[in-house]
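The block underneath contains the structure these notes are about, expressed in structure tokens.
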Amino acid sequence: MFTPKYPRPDTAPMPASTPPATYTPPVYNPTAYTPVPVPAASASNRPAVQLTPGSVLTLAAGGGALVLVVGAVLVSMLLAVAVTAASVAVCAVVIRSILKSDRR
């Protein structure tokens with residue numbers, strides 16, 4: 001099934017100096033192949049996970065805390081970019097006014 005499929009040898013053009021060879025396709029013999037046995041699924045001795053009301057509350061609180069922390073980090077990064085952009089704009093205005101007063 002996963003073996004590559006090559007074209008039959010007689011589809012390739014033969015050189016003019018050699019006579020064409022006859023091709024006999026292989027005969028499929030189903031008894032020649034033995035199937036690979038599939039290992040049986042082993043039963044696990046571990047119990048299934050059971051969610052109690054306390055564990056659900058803990059998971060919800062942990063998820064909420066994670067969302068708040070990630071949100072705070074993203075907002076602080078956005079604020080840092082905004083402050084940097086504002087300071088660059090102020091510096092540009094100051095430098096422009098210095099250059100403009102120098103020309104007078």
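The values are calculated or read from the model by the stated rules, or taken from the named source; none is laboratory data. Note that the structure is predicted; figures quoted are calculated from it, not measured. Protein only, heavy atoms only, side chains kept; ligands, DNA and RNA dropped before computing areas. Shrake-Rupley method; radii C 1.70, N 1.55, O 1.52, S 1.80 Å.
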One residue from Val88, Val81 being over 32 Å from the mean Cα position of the chain (by Cα), β-branched (Val, Ile, Thr) and open to solvent by 60 Å² or more (accessible area, probe 1.4 Å): Val88
Matching residues in segment 10-51 - criterion: being modelled with pLDDT of 65 or more and not in a loop (DSSP other than H, G, I, E, B): Asp10, Pro30, Thr31, Ala32
Qualifying residue in segment 97-104 (condition: open to solvent by less than 90 Å² (accessible area, probe 1.4 Å), modelled with pLDDT under 95 and in a helix (DSSP H, G or I)): yes
